[in-house]
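Note sheet for the following structure.
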Amino acid sequence: MNARAFKVKNVIIRNTTDGDCAFILKTNRENVEVLSPMSKDDFCNFKNRAQLFLTVEVDGAPAAFLIALREGVETYKSENYLWFSKNYEKFLYIDRVVIAEGFRGCGIGKKLYSRVFEEAKKMGVPFVTAEIDTVPYNEASLLFHKAMGFNEVGTQTVRGGAVTVSLQAADLGL
């Protein structure tokens, strides 16, 4: 199913439930080349420590998910999260956002990020942060983040030198 070939009628963004586990693990696995792997234990850990763990349904079908963490999650050892922890006092870090094949290009990413910005403002968090691969180059993600108001605030090489990322932040003006 290609989202561009049909009109999206009903988009629901909701908190992730245990019933979403199979979809999230499958979708993460299908996109693992640009993500960290996720096990069922990881899913459960994210449900317990993420500030936002959202699932998107389009016309009743699961289509995407997003995980975002606040500062201060001492048990989370992501190299990129740790960089933001050292450089920002308060932030909401988008750990991953994944839109399933067939649902890309119909505005789900923009709706998710708008929701993240809204939630961050409610919490009084001045920065939403994320990282985008530059080696390998992820042009679509870089352009999307720029359009959403993100700016590069640093770079680093991660995963044992295999990946270089642009560390980015959107200043919410709080």
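Accessible area per residue for the chain, computed on protein heavy atoms with a 1.4 Å probe, is 52 Å². Across the accessible surface of the chain, with the other protein chains kept in place and a 1.4 Å probe, carbon and sulfur atoms take up 49 percent.
Remark on T155: its backbone amide H falls under 5 Å from those of L167, a criterion applied only to residues 5 or more positions apart or on other chains, H modelled at 1.01 Å from N.
For the residue pairs K111/K146; K40/K110; K26/K47; K40/K121; K9/K110, the alpha carbons lie more than 22 Å apart in K40/K110; K40/K121. Note on the range 148-174 and the range 105-147: Cα centroid distance 11 Å, given to the nearest whole angstrom. Extension gain, I12 to N151, is 47.2 nm, computed as 0.36 nm per intervening residue step minus the present C-alpha separation. Converting phi to 3J(HN,Hα) with the Karplus coefficients 6.51, -1.76 and 1.60 and the offset θ = phi - 60°, the range 63-76 yields 10, 6, 8, 9, 10, 9, 10, 7, 4, x, 8, 5, 7, 9 Hz in sequence order, with x at every glycine or proline.
The values are calculated or read from the model by the stated rules, or taken from the named source; none is laboratory data. Everything numeric in this text was worked out from a predicted model, so none of it was measured. Side chains included, ligands, DNA and RNA excluded: accessible areas come from the protein's heavy atoms. Shrake-Rupley method; radii C 1.70, N 1.55, O 1.52, S 1.80 Å.
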